[in-house]
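Below is one structure, written out as structure tokens, with a few remarks after it.
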Amino acid sequence: KGEYLFREGDCSSGFYIVNRGAIRLHKLSSGGSQQVLKTFKERESFAESTVVSLSCYPANACADCTTVLARVDKLGIQRLAHSRDAIRQCLSGAIVRHLTELVSHLEGRAFLNPESRVAKWILEEGGGVFVENPRSFEIISPKQSVADELDMASETFSRKLRSLREKGLINVSNKRIDIVNPVGLREIASEER
């Protein structure tokens with residue numbers, strides 16, 4: 001927890017898959033302000049673009065909690081990708097998925113009010129916005145990391161969770177969120193500013 005896997009500008013040695021825990025990918029301004037790009041959790045991969053086209057990591061990666069990772073060696077995967085179309089397609093698919101998620105994340109920050117961003121985040125963490133019956137889940141990252149990812153203060157995140165609970169859309173117990181009313185949550189998740 002709190003340990004950096006790599007820092008922006010470090011030479012790439014490969015990409016990673018989260019086995020357990022969470023890795024926060026973020027950028028730092030010259031003044032030290034942090035902008036969270038995404039938090040990667042169990043079964044998610046990141047940094048594939050450094051294998052395909054970049055020689056350095058474009059952001060910082062820090063463990064939000066106790067985390068276990070698998071590193072896929074850059075040179076090894078490049079050799080395999082030259083001879084296997086399926087591996088090239090998987091790498092390309094991962095890069096496209098990350099780009100799509102980044103665009104969605106930026107749209108959320110630009111167009112959604114804070115409560116809508118929290119509702120959308122809950123649906124995504126529960127299995128996806130378009131899943132008919134999203135599941136319950138545990139928040140494994142610190143509250144501040146989640147709030148940073150949603151571009152809001154930690155207190156605002158807590159207030160929005162309370163508001164969604166009071167509306168009967170979710171139940172919150174410690175770090176567990178139970179999705180009670182996915183239809184109502186989807187309605188709020190789509191409300192723009």
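Within region 48-56, is even one residue among the small types (G, A, S), surrounded by fewer than 18 Cβ atoms within 10 Å (Cβ to Cβ) and modelled with pLDDT of 95 or more? No, that holds for no residue.
Could you tell me whether any residue of region 26-44 is buried (at least 19 other Cβ atoms within 10 Å of the Cβ) and in contact with a Gly (Cβ under 8 Å, 6 or more places away or on another chain)? No, region 26-44 has no match at all. Of all residues in region 142-155, those that are surrounded by fewer than 17 Cβ atoms within 10 Å (Cβ to Cβ) have Cβ atoms under 8 Å from Cβ atoms of residues that are in a helix (DSSP H, G or I) and of a type in the set (A, V, I, L, M, F, W, C), 6 or more apart or on another chain, in K143/F157; A153/A147; S154/A147. Residues that are within 30 Å of I179 (Cβ to Cβ), assigned to a helix (DSSP H, G or I), open to solvent by 60 Å² or more (accessible area, probe 1.4 Å) and touching a strand residue (DSSP E or B) at 6+ places or on another chain (Cβ under 6 Å) are absent from region 113-126 altogether.
Kindly evaluate R162 against the criterion of being touching a residue at least 24 places away in the same chain (Cβ under 8 Å), among the charged types (D, E, K, R) and surrounded by fewer than 16 Cβ atoms within 10 Å (Cβ to Cβ). No, not satisfied.
The lone criterion from (1) in a helix (DSSP H, G or I); (2) in contact with a strand residue (DSSP E or B) (Cβ under 7 Å, 6 or more places away or on another chain); (3) small (G, A, S) left unmet by G93 is number (2). Where residues in region 74-112 are among the polar types (S, T, N, Q) and more than 28 Å from L161 (Cα to Cα), which of them is most open to solvent (accessible area, probe 1.4 Å)? Among those that are among the polar types (S, T, N, Q) and more than 28 Å from L161 (Cα to Cα), it is Q89. Taking region 128-193 as the region of interest, the helices (runs of 4 or more DSSP H) fully inside it that hold 1 or more residues being over 24 Å from L37 (Cβ atoms) and either touching a Leu at 6+ places or on another chain (Cβ under 8 Å) or modelled with pLDDT under 95 (or both) are 154-166, 182-189.
Listed residues S45, S12; which is in contact with a Lys or Arg (Cβ under 7 Å, 6 or more places away or on another chain) and closer than 21 Å to A94 by Cα? Just a single option satisfies the conditions, and that option is S12.
The values are calculated or read from the model by the stated rules, or taken from the named source; none is laboratory data. Bear in mind the structure is a predicted one, so any value in this text is a computation, not a measurement. Ideal geometry is used to build each Cβ from the backbone, glycine not excepted, and the neighbour counts take in all protein chains shown. Only protein heavy atoms, including side chains, enter the accessible area calculation; ligands, DNA and RNA are left aside. Shrake-Rupley method; radii C 1.70, N 1.55, O 1.52, S 1.80 Å.
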